[in-house]
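Peer 1: Quick one: structure below, then a few questions.
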């Protein structure tokens, strides 16, 4: 709680040092809605002193998944008030392993083939300000990341042998940085952004690169690459760690109001 309060105050300080957002077109408002599709590859490992279980090779998560993403960007004209960008996605997936490799997870020995089901959602709430110079724009702020993750693993021929994995419980505050290059003669904006931090047993990281083309007066089409990951420690077994990531290309549309 103290860390969350401190980071919130820090975000206000950052924003106060930066001037308010300058919208892409003065005839438009300060709201942007976006939606897109992120074609992701799911990967990761469950590591303990006995074995290492790979999401792809041992559990069967070897196919790409298409994730729908949504977001809203709320901007303002006050130098002391941070802008707010929120994005959200959900991933649900169920697979059966193709191997009979024995693995120990959370002190249980899983023999032969295993079935896995996961429910994963993530909410990123970013408070930021920016500084613009010529064709460059630099964004600085804080990303309050909330991860909801639940994964169930069962032995197919013995369902009573099962465990449940959960992700980080607390909101993780991450420093946020972005740079934009506005190639306005060709209606194109290049953008790179990142957030990463490790706090105690939890760690989160994400970064993305994109090219954004202004297809209409109030619409941008974006294509890019995004990587997202988190790590946490099993609260019931401190010698076991969960490491999960998503990565892949995405395309989305942003409409300005």
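The values are calculated or read from the model by the stated rules, or taken from the named source; none is laboratory data. Computed from a predicted model, the values in this text were never measured in an experiment. For neighbour counting, all protein chains shown are included, and Cβ atoms are generated from backbone atoms with ideal geometry for every residue, glycine included.
Peer 1: Output the number of the condition that residue 73 fails; it satisfies all remaining conditions of (1) in contact (Cβ under 8 Å) with a residue 40 or more places away in the chain; (2) over 19 Å from residue 230 (Cβ atoms); (3) over 19 Å from the mean Cα position of the chain (by Cα).
Peer 2: Among (1) in contact (Cβ under 8 Å) with a residue 40 or more places away in the chain; (2) over 19 Å from residue 230 (Cβ atoms); (3) over 19 Å from the mean Cα position of the chain (by Cα), residue 73 violates only (3).
Peer 1: Let me ask something else. How about segment 146-162: which of its residues are surrounded by 17 or more Cβ atoms within 10 Å (Cβ to Cβ) and either under 20 Å from residue 54 (Cα atoms) or touching a helix residue (DSSP H, G or I) at 6+ places or on another chain (Cβ under 6 Å) (or both)?
Peer 2: Across segment 146-162, the qualifying residues are 149, 151, 153, 154, 155.
Peer 1: Looking at segment 18-53, which of its residues are modelled with pLDDT under 85, more than 30 Å from residue 95 (Cβ to Cβ) and surrounded by 13 or more Cβ atoms within 10 Å (Cβ to Cβ)?
Peer 2: Matches in segment 18-53: 18, 19, 20, 21, 23, 24, 28, 30.
Peer 1: Does segment 177-185 contain at least one residue that is crowded, with 18+ Cβ neighbours inside 10 Å, more than 24 Å from residue 222 (Cα to Cα) and either in contact (Cβ under 8 Å) with a residue 60 or more places away in the chain or out of contact with any helix residue (DSSP H, G or I) (no Cβ under 7 Å at 6 or more places or on another chain) (or both)?
Peer 2: No, segment 177-185 contains no residue that is crowded, with 18+ Cβ neighbours inside 10 Å, more than 24 Å from residue 222 (Cα to Cα) and either in contact (Cβ under 8 Å) with a residue 60 or more places away in the chain or out of contact with any helix residue (DSSP H, G or I) (no Cβ under 7 Å at 6 or more places or on another chain) (or both).
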